[in-house]
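A short reminder: the numbers here are calculations on the coordinates, not readings from a lab. For clarity, every value in this text was computed on a predicted model and none was experimentally measured. No Cβ is skipped: glycine too gets one built from the backbone with ideal geometry, and neighbour counts run over all protein chains shown.
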Amino acid sequence: MPLINKTLAIMKPLALFLSFYLLVIIFSCNKAQPVHHNSQKTETPKPLQDDNKDISFLSKRSDDDLVNEIYADLAEKSSDLKNLEDTRRHFSDGHKDSLMAFNKYNSKSDNYYSSAMRALTRVKDSVIKQRLRLLLINSQKKYSSKISKYNSLIDRMHNDEESTSNYYTTLQLAATLPVIEEYQDEHLSEGQAVEAIAKESTILNRTTKKIAEKYEAKLKQ
């Protein structure tokens, strides 16, 4: 068993990496669809446009989170991503209510047994007290057995949520990475302004140095 657990621990991150790699390839291929009509540039995604004020429902979750914003923009245009987000919202809205109902139900029994054990301390007859204690313990065991299936399902759901979160982040990164890389390539010309101002900087430096040395030389005369 320790060997199996160790193997599973190694395989989990490997599976995530492979999933991320495959998703990057898929989204990259989708972005690379040929344009038959003209050679116009792809429209810059809204989150990457300057002074963009159009924030979607997904990117409202956090401030200045470009991964979420780009993914939100993709989700508005992709049917499978949009369907996934609809499913996520439906699950988020429903599962909390379902768990809350069960937790309220379960808490009543837990509170009862706690209250009963406290009440038991008022019984002075040791024989009666022991008999009642056994009755309460057996009842609590039966109740635990009744709800064990639901507790197992809740534990499994918590594991699913952790795994889903891992794969959701994988999806977001794999979907948005090709977008930012395409933006980088298409807007690399923005660097030309840097080249121009760098030249001006060099000229200004040389001119300033020349004039400074001229005036400094007068001081030595």
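Structure summary
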{"quantity": "Dipole axis of region 129-221 (+1 Lys, Arg; -1 Asp, Glu on Cβ), positive-most option in THR202, GLN130, SER144", "calculated": "GLN130"}
{"quantity": "Order of MET157, MET100 under a 10 Å beta carbon neighbour criterion, fewest first", "calculated": "MET100, MET157"}
{"quantity": "Test item: Cα-centred dipole of region 108-221, Lys/Arg +1 and Asp/Glu -1 on Cβ, debye", "calculated": "1600 debye"}
{"quantity": "Shape of region 57-163, Cα gyration tensor, a/c cut at 1.5", "calculated": "prolate"}
